[in-house]
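Working notes, structure below.
Bear in mind these aren't lab numbers, they're just calculated from the coordinates by the rules spelled out. Everything quoted here is computed from the prediction, not taken from an experiment. Cβ: placed from backbone, ideal geometry, glycine included. Neighbour counts: every protein chain shown.
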Amino acid sequence: MTPTQALGRAFRSVEPTGGFVPVTVEGALPDGLAGTLWRNGPGLFELFGRPYRHWFDADGAITALRIADGRAQVASAVVECPKLAEERAAGRPLYASGQTRTAWWRMVGGRGKAVRNINVLRWQGETFALAEGGLPIPIDEHLGSGAPRALVPDQPSFHAHSRVDPKSGALYGFGIEYGRVCHLSVYRLEPGGGARIARMPLPGPRVLVHDIAFAGDAVIVMVHPLDIRVVPLMLGLRSPLESLVWRPEQGTEVFVVPLAAPEATRRFTIPAFYSFHFGNAFADGDAYVVDLCRMPRLDLDAEFSLASMRRGEVPDMPPSRFTRVTLRGESAEVEELVGGERDFPVADARLAGRRHRYTWIIEDDAGINRLARFDHETGACVRAALGDGIHCGEVSVAPRGEAEDDVWIMAQVHDFEADRVGAVVLDGADPTRPPLARLWYPHHVPPALHGCFAPRG
Ligand SMILES: [Fe+2]
């Protein structure tokens, strides 16, 4: 069995725990580390015997790892969106999701199920599961799902990725309204409430906007030229993923939203690329510096087939490079920071919007995800010592002291050789040392996409 074939076994449905259960701890959990590591990802891969076709189509599985007093407990549950509840009541699948079709008359109008399988938002003491569209689903302390809820008035959707200004505590996110002309709204959430601060028409039926950058005094949105073919989608002839079309001649549209005067949003077009994820961003004189993982194009319909992932086939994707894009005026300078396939860039959130030194990043090593730390001062990229048989997900950074490297690094991992799932805690000052603690769950959780660490208290 090859490593990716062994990893392929991990893409089976989550085993819900029905409550918190103890985990096995190898090593020692640090005394000062207390809180909950949240993760969300595609987790229910078949419904009443119908397998989902694409990794991103699956209903979400949310996992909470509670750490306190040197011990840990974990729980996992399926995120129950209202349309999944309808399907459970009917005893059969009813809705299209991503690439997975259903009867055409149920797909007319582009209707489908917005599976909340991408991220976890912690806001004002509450937890929400988020997707590429739709409204957040509240998750209670027992991991039960509530009714979708807007976080600000008059909000049709709130997407999976958002950013927090560490100085003000405000959270910036976005949503898309679909219509004859699609609009992207930027929202500011503050402890006392929230509001839409900008609403911008999109240059086409361009609805796959995934992330947002926070650059201190501005937020930056990049809208890549991935359009939806509206007619076959609306007629129910194609699923959403089958309706995507890449239009590189139209370029990538950049929106720079000044937070002090959002009405003065600048928009301009730069040469086309696709990016799922931003790292940190900051102002540098009259320019904005944005770290991101950059692909020359995206063909989502052809990538991440669940069947091929389960077979352990290494995806033949366009390269994703860790890149620094400097926006100056209406042009972009593009600098590739390090070779190899990279995604899921994460910097210390305390430095969001300011110049930082380190980015934690996932390196694709022939289909296996390895964790590395990139040093922007030296250009060095060191791989974390997790072991050859470990597939590592996106990290969360938990401050230990004041310094940028005085942190604990946590990630969900898959020991694909032993076919078990857990988490690691690393000393961020030296990722080449073995983890401080390895935690193994008593149940199965498939590889996750995103989440966060919520300190206790
Ligand atoms: Fe993402």
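General remarks:
- Where only C-alpha atoms are counted, convex hull volume of the stretch 3-455 per residue in Å³: 134
- Distance between the modelled labels on E126 and A103, one decimal in nanometres: 3.6 nm (7 Å Cα→Cβ projection).
- Placed amide H near Y274: partners under 5 Å, 5+ positions off or other chain: M295, R297
- Pairwise FRET efficiency - D69 versus V230, Cβ, R0 = 60 Å, nearest 0.05: 0.65
- The longest stretch of the chain left intact once loop-based GluC sites (Glu not before Pro) with at most 13 other Cβ atoms within 10 Å are removed from consideration, loops following DSSP, is 142-329.
- Sequence-distant residues sharing a close amide H with V164 (under 5 Å, placed H): Y172
- Between A90 and D419, the simple spin-label model (points 7 angstrom out along Cα→Cβ) gives 3.4 nm.
- Extension reserve of the Q5-A264 stretch, reckoned as 0.36 nm per residue once the Cα distance is removed: 88.1 nm
- Rounded if a/c under 1.5, otherwise prolate or oblate - the stretch 260-401, Cα gyration tensor axes: oblate
- Looking at the stretch 1-133, the DSSP beta bridges with both ends there are about 100 percent antiparallel.
- Extension gain, D375 back to D31 (0.36 nm per residue minus Cα-Cα distance, nm): 121.1 nm
- Residue-count net charge about F273 - beta-carbon cut-off 11 Å; Lys, Arg +1, Asp, Glu -1: +3
- The stretch 190-267 versus the stretch 12-26: alpha-carbon centroid distance in Å: 37
- Theoretical FRET efficiency, 1/(1+(r/R0)^6), r = Cβ-Cβ of R400 and R149, R0 45 Å, to 0.05: 0.85
- Taking 17 Å as the cut-off, the amide N atoms of the stretch 151-170 that come nearer than this to a point 7 Å along the Cα-to-beta-carbon line of R350 belong to 164-169.
- Coupling constants for the stretch 357-374 follow from the phi torsions by the Karplus curve (6.51 cos²θ - 1.76 cosθ + 1.60, θ = phi - 60°), and in residue order they are 9, 10, 10, 8, 8, 9, 9, 7, 10, 6, x, 10, 8, 10, 9, 9, 10, 9 Hz; glycine and proline get x.
- Annotation: extensible slack from R196 through E177 equals 5.6 nm (criterion: 0.36 nm per residue apart, minus Cα-Cα distance).
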